[in-house]
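Since the structure comes first, as structure tokens, the remarks are kept for the end.
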Amino acid sequence: MITTTSLDGTTLAIDTTGTGPALIIAAGAFCDRQSKKGLAALLADRFTVYEYDRRGRGDSGPLGEISVQREIEDLAAVVARIGEEPFIFGDSSGGALAIAAAADGVQFRKIAVYEPPFTPGPSADVAEQLSALVAAGDRSGAVELFLGIVGTPEQAIQGMKQGPYWGHLEALAHTLPIDVRLCNDGKVPEEQLARIKTHLLAIAGANSPWAPDVITAVADHAPHGESRVLAGQGHAVPDELLSDVLAAYFGTGEGKG
């Protein structure tokens, strides 16, 4: 593990593995730098992979204010610590973060995102409700609310509550409001995308009912954007398939431009 310090003094924990050009993995909701180890291992023979704990997670410093700008500054600090212009893969809300950071001027060689959640449901009102639940000590209620707005069936939620992973979800409940804030009130961030000058690949699974249309819009509004839909896949795509897609995109050619 290495660390870096964000603009406001928050310490960020980073794991590195592999050799080759730098590739950052920005994880989504309920995830920390441990969550994508399988994907990182599959990419490590071609890239130096950097996985970092977003603030409020793992070994990084506290969340502090619920601020998209602080998250952008954190990602910029990770890029500065690497010391070269990296590739970046953002999963779910991590993809929304990668887009926001690139639009704000953080430099990446290429960007790939998987199902950034620009879809009706996640809104500023929901972010406030989540913050209120966490402040009241009802972390379980916050997790239930979040899972409900992203389309998890109630029966599935109740089943998850009986499983060993629920405690992990509760432990990260305080970070859910920022994941929701990154969703841009469920709208594709057309103005952000228009400012991104590097190549961007937006990926979705064909079995995710909302995602193919979203990534088409994401690609259409990015000057050098393209999209790809993976047949038979949903929001949780196998690491083997995803690593092949990312390695091909980051490792060859310049994309559409």
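The values are calculated or read from the model by the stated rules, or taken from the named source; none is laboratory data. Just so we're clear, the structure is a prediction, and the values are computed from it rather than from any experiment. Virtual Cβ from ideal backbone geometry, glycine too; neighbours counted across all protein chains shown. We work out accessible area using only protein heavy atoms, side chains counted, and drop any ligands, DNA or RNA first. Shrake-Rupley method; radii C 1.70, N 1.55, O 1.52, S 1.80 Å.
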Assigning unit charges at the beta carbon (Lys, Arg +1; Asp, Glu -1) and nothing else, what dipole magnitude in debye, to the nearest 20, does the stretch 174-257 show about its Cα centre? 180 debye
Leaving out ligands, DNA and RNA, what percent of the accessible area of the stretch 1-108 is carbon and sulfur, probe 1.4 Å? 47 percent
Dipole of the stretch 31-114 [Lys/Arg +1, Asp/Glu -1 at C-beta], most positive-end residue of Gln34, Ala96, Ala80: Gln34
Which of the helices in the chain, when you take each full DSSP H run, stretch at least 18 Å along the axis at their Cα atoms and have an average Kyte-Doolittle score of -1.0 or higher? 68-82
Would you mind getting the accessible area per residue of the stretch 121-257, heavy atoms of the protein chains only, 1.4 Å probe, in Å²? 48 Å²
Spin-label proximity, Asp185 to the stretch 74-107 - amide N less than 18 Å from point 7 Å beyond Cα toward beta carbon: 100
Once you've got the GNM for the chain with C-alpha springs shorter than 10 Å, pick whichever of Leu241, Leu200, Leu63 has the biggest mean-square fluctuation. Leu241
Taking the Cα centre as origin and putting +1 on Lys and Arg beta-carbons and -1 on Asp and Glu beta-carbons, what dipole magnitude results for the stretch 1-46, to the nearest 20 debye? 140 debye
Farthest positive-ward along the chain dipole, Cα basis, beta-carbon charges - from Gly159, Gly205, Leu169: Gly205
Trp210, Trp166, reordered so the largest accessible area comes first (probe 1.4 Å): Trp210, Trp166
Could you pull out the GluC sites (Glu not before Pro) across the stretch 8-103 that fall in loop regions by DSSP (anything but H, G, I, E, B) with no more than 16 other Cβ atoms inside 10 Å? Glu65, Glu84
If you roll a 1.4 Å probe over the heavy atoms of the protein chains, what accessible area per residue do you get for the stretch 68-109, in Å²? 28 Å²
Carbon and sulfur atoms: what percent of the 1.4 Å accessible area of the stretch 130-191 do they account for? 53 percent
Please state the charge dipole magnitude for the chain, taken about the Cα centre, from unit charges on C-beta atoms (+1 on K and R, -1 on D and E), reported in debye and rounded to the nearest 20. 340 debye
For Lys110, list the lysines whose Cα falls under 29 Å from its own Cα; do not include residues on the same chain fewer than 8 positions away. Lys36, Lys37, Lys187, Lys197, Lys256
